[in-house]
1. Ignoring ligands, DNA and RNA, what percent of the accessible area of the chain is carbon or sulfur (1.4 Å)?
2. Would you mind counting up the charge near TYR13? Only other residues with Cβ under 10 Å from its Cβ, with Lys and Arg at +1 and Asp and Glu at -1.
3. Percent of alpha carbon pairs in the chain separated by more than 22 Å?
4. Residue separation times 0.36 nm, minus the C-alpha to C-alpha distance between ALA136 and LEU25: what's the value?
5. Compare the Cα positions of LEU112, SER55, PHE148 along the charge dipole of the chain (+1 at Cβ of Lys, Arg; -1 at Cβ of Asp, Glu; about the Cα centre) and return the one farthest towards the positive end.
6. Write down the accessible area per residue of the stretch 1-127 in Å², having rolled a 1.4 Å probe over the full set of protein chains.
7. Test of understanding: what is the full-extension gain from ASP126 to GLU40, defined as 0.36 nm times their sequence separation minus their Cα-Cα distance?
8. Explain nothing, just compute: Karplus ³J(HN,Hα) = 6.51 cos²θ - 1.76 cosθ + 1.60, θ = phi - 60°, for every residue of the stretch 45-58 in order, whole Hz, x for Gly and Pro.
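The values are calculated or read from the model by the stated rules, or taken from the named source; none is laboratory data. Treat the numbers as computed from the prediction; the structure is a model and nothing was measured. Please note: Cβ atoms are built from the backbone with ideal geometry, for glycine as well, and neighbour counts cover all protein chains shown. Surface areas here come from the heavy atoms of the whole protein model, side chains and all, with no ligands, DNA or RNA. Shrake-Rupley method; radii C 1.70, N 1.55, O 1.52, S 1.80 Å.
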Amino acid sequence: MEKIVSQLDGEGYFLAAVEAVRSPLEPRQWLIPMGAVDVEPPIQEQGKRYRLDESDSWVEEDAPPPPQHPEVIPPPAIPQSVTRFQARAALVEAGLLEAVNAYFSALPDDDLNKLAWQEAPTVRRDSDATRVAADALGITVEQMDALFVRAGAF
């Protein structure tokens, strides 16, 4: 023989029908799970929730709407390459173009990083010229990512 009882949530609302078991020490007694009550479960309707009143009768209420989870917007993709114009426009906006130009101008004329800055049609995120200049100017990886994202928007 089984006995079905009602499991309640922390606020006293019906959660689920659960089974009580006979006590091995006192066979006429039922062991009711913690948080459950010895009341038959209500007949449920969609969009309703149930709680017990003082006389152990089920009171039906409209269920609250499910919680709204904010839409998770993924971070923008970080471009791995931008045009020379896009890179310079992002640096102007960030107030860094003058410092970057000064850094490359101070390099010897035969330095390949200087030549890349002056002549390459694109600026690559993973190039030696980009990494070395960022390190020299104290630009963090996060700042570099933000600069490339902004450059990609031009």
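1. On the way: 6040 of 10820 Å².
Roughly 56 percent, rounded to a whole number.
2. That sum, taken over residues with Cβ under 10 Å, equals -1.
3. Result: 62 percent of Cα pairs exceed 22 Å.
4. In short, 32.1 nm is gained.
5. LEU112
6. Details: 9330 Å² over 127 residues.
Per-residue value: 73 Å².
7. 24.3 nm
8. 10, 4, x, 10, 9, 9, 9, 8, 8, 5, 9, 6, 9, 6
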